[in-house]
1. Give me the dipole magnitude in Debye, nearest 20, for region 274-429 about the Cα centre, with unit charges on the beta carbon: positive for Lys and Arg, negative for Asp and Glu.
2. Taking the Cβ of ASP491 as the centre, find all other residues whose Cβ is under 12 Å away and add up their charges (Lys, Arg: +1; Asp, Glu: -1).
3. Rolling a 1.4 Å sphere over the protein heavy atoms, what is the accessible area per residue of region 292-431, to the nearest Å²?
4. Would you please name the trypsin sites (Lys or Arg not before Pro) within region 326-423 that are DSSP coil residues with at most 14 other C-beta atoms within 10 Å of their C-beta?
5. Please give me, ordered by residue number, the trypsin sites (Lys or Arg not before Pro) of region 442-488 that lie in loop per DSSP and have at most 16 other Cβ atoms within 10 Å.
6. Per residue, how big is the convex hull of region 368-451 when only Cα atoms are used? Give it in Å³.
7. Under 18 Å Cα to Cα from LYS335, which aspartates and glutamates show up? Leave out anything in the same chain fewer than 8 places away.
8. Leaving ligands, DNA and RNA out of it, report the carbon-plus-sulfur percent of the accessible area of region 333-405 at a 1.4 Å probe.
Amino acid sequence: MRINPISSNVVSFQAAKNVKNNPALKYSSDVININKNTIGVERQGKNLHVSFTGNFQNPVEAGVQFKIAGVTKHQKGMAGAHAMATDDNLVRLAKSDWKDGQKLDYAYDEVTKNITLKDPNFGEIGTVPAPVAESFMNVINTDKDNFQFELTNVTGGVTSDFPIIAAKANLKYTGKDAKVRENAQNAFNALIDSKDAKVSSSVSIYQPDFSPKQVLEKIFDVEGKRNGLGEVRKIKDTVDTIVKEIKDPKNKNILVLGHCSPDGDTVGCVIGMTAALKGAFPDRSIDASIDDDIPNSFSKVPGVEDIKRPYNAKAVNSVKKNIEMLEKSTNPAAKKQIETLNKELERLTDKSRLFDPNTADGKDAKKYDLVIMLDTPTEGRSSRAFKPYFENAGKTIFIDHHPLKQAEWANAKEKLGFDMGKTIQDKLALVVDSVPAATQIVTAVCDKAGILGEMFTNSVDNAKKFVAGIVTGTQTDTCGYKNQANYHPSDAKLPQSQKANYYPEGMSNYLMNKLDGEINKKWMRENLFYELPNQPLTNNLGPKDAVLMMALRGREMYPEIGLGMMSVNYAVMENILNEAKKQDENVQMTDVYNSFKNCEVMSAYILKTKSKPCNLCGKSSRNLPFCL
C-alpha cells in the first residue's frame, strides 16, 4: 500500500517500536493518528503488529477525465446529429480500430477560450467543455511539452436508444517534475470538487490502470478508515482462507454460481471465476450455473456459453401443470400461451443446457468439493434447485458486494441447503459492500490466489473469457464507470476527489491491456447492449417506452438521504414481456428486468419488484409464469 510519508519530526520509528511498552495501550488494538495517516498497533500474545493506513496516493501521472463537448457537429448523417453538422469525423473514428489512450491533438483559441480536439487521422471531433477549458489551459501552460489529451472512450451510436456517439478524453501530465504534477492534480481536484455544478459536472476523476492487487489494498484502506483495523484483519483472514481453498489440490470438482434474474455483474463474476479456475487448473472439473435465462444483453460475451442451468424439477412440473390447465380452457389466447410454455419446457429439459444432465433422469446430483456462490444479495435471489449441491459440498465460498444481512439468510439452510452462519464461521464469506462491482472483488481474490498469472500464461481462450466477463460486470454495475464506490454516509460530506474510489475503469483497462486488444472498449461499445423492441402495439406505446414510463411512475425520491426507489408490479413486467415477444420471440423476462435495472442505474433508483402470486400454489413468483 502506498501511503503519505511520515515526517520524522512528528514521530520516529523508535517511538513506534517503543509503543509496545506504553502502558496507555491497554486494549488488543489501538490507533494513533499522524498527519492524516493512521498507525494501528495490535498485540497478539507477545507479538506486536503495526499497520499503516493512509491517504491513497495518485499514480505517477496526474490527470482528469471529461466528456468531449460538441460531438454532434461531427456526426453528419447520424440520426440525432445536429442539423448543422459539418462532417462525419467522429463517425469514422468510431468505426475505426480506435484504442483507449490514443493521442489527441488540440488547438486553443485565445479569443473564444475554446480548446478544439483533433484526431490525427480523422480531424476535429469536439471540444473541451467550456466551463473548464480556460482552467485546462492554465494548467497546460505550466509545462506545455508534457501535458497531453488522450481519447479514453467512445460510446453510444449503436442502437436507437443511443443514436448519438459520445466520447470521453483524459488530460494527463506525463512529465517528471513533481511540483508540476502536484500542482496539476490540485488544479484538477479543484474542478472536480467545484461547487459550481457546470464545472464539476464537466469533469470526473481520472482512472489510471489499476491492478487487482491495488483493488485489494484499497479495500483494506477504505475498510480500515471506516471500520477499524479489526475489520481489516477479518477481511484479510477471510481472503487468505478463500485463497487456500481455491489453491487446495483436493478441491478437484468445483461449482460456480450466480443469482437469478442475472445482471452483468453476476454473469461477469461467474464467467470470470470459472475462466480463471479452468485456466489455472486444467486438470480440475469446473461447472458454472445460473438458474435463469441469461439476458440477451450478454449473449455475445465470451464464456457465457459455459453457464448452464440446474435441472429444476419443481419448475418443470409447474410448467406442465400450467399447460394442462390451459388445455382445458376455451379462451382463444390459451393456445398462444401453451406455445410459450412448451418452449419454456423445452429449455428447462434440454440436457445440453444443464450442467448436471443426469438429474433430469432422476439420478443423484453430482457432488462438488467446493461450491462458490457469487454476487447473491439474499437467499431469495438463489434457487432451490441448487440445494443438493450445497448440502453435498465439501465447503462453500461466498463472495459479494451487497450489505450482508444475516437475517435474510436465516432460512437459507432449510430452503437452499446453504448455511451462511457456518460459511462465516469458516472464514469463507467475503463481503465488502463499499466495492461498486462484485467482479472487482472476484478479480482481487483470483489475483491473490495466483491463478490470474497462471491463466494468462497457460490459456489464451480462458484469459479472453475472464477479461470479457469481468469488464462486462464492472462496466454494467458501475453504470459505465460512473459509480466508483458504493455510497457510504462517511463520504457524504467529503469533496468528490476524496471519496472512496476503487477505480473500476482503471481495473478494466489494466485487464484489457493484458490481452493486447482482443477485448477492449471498442468491443464493449459494440457488444454490451441489448434493447427491447419498441414498435407500438397497444395504447401507442412500445415495450421499451413502457419500461421508462413505469419506471418514472413508480419512483419514490428521498433527496435528504440521497436515495431513490422504484416500485414495479410483477404483472406490469409480464405485460411488457408479452408485448415484446410479439416483436421478438427471443425476448426473456431477464431482458425486461434489466431494462428496469437500466432505468434504476441511470436515474439512481433502487428497483423493488412486487412479486406476482403463482396461479398454482399462491406463492410469490420471480420467474414467469411459475414459481420455483
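1. Numbers: 27 positive and 25 negative charges, 50 e Å.
Rounded to the nearest 20 debye, it is 240 debye.
2. Values: positive: LYS225, ARG226, LYS493, LYS499; negative: none.
Result for the local shell: +4.
3. Details: 6990 Å² over 140 residues.
Value returned for region 292-431: 50 Å² of accessible area per residue.
4. On the way: sites: LYS328, LYS335, LYS336, LYS343, ARG347, LYS351, ARG353, LYS363, LYS366, LYS367, ARG381, ARG384, LYS395, LYS405, LYS413, LYS415, LYS422; in loops: LYS328, LYS363, LYS366, LYS367, LYS405.
Loop-located and lightly packed - LYS328, LYS363, LYS367, LYS405.
5. Working: sites: LYS448, LYS464, LYS465, LYS482; in loops: LYS482.
Hits after loop and neighbour filter: LYS482.
6. Numbers: hull volume 7.9 nm³, N = 84.
In region 368-451, the Cα hull volume divided by residue count equals 94 Å³.
7. GLU324, GLU327, GLU344, GLU346, GLU574, GLU579, GLU585
8. Values: 1550 of 3440 Å².
Ligands and nucleic acids excluded, carbon and sulfur reach 45 percent.
The values are calculated or read from the model by the stated rules, or taken from the named source; none is laboratory data. All figures in this text were calculated on a predicted structure; none of them were measured in a lab. Positions of Cβ are generated from backbone atoms using ideal geometry, with glycine treated the same way; all protein chains shown enter the neighbour counts. Heads up: the accessible areas ignore ligands, DNA and RNA and are worked out on the full protein's heavy atoms, side chains in. Shrake-Rupley method; radii C 1.70, N 1.55, O 1.52, S 1.80 Å.
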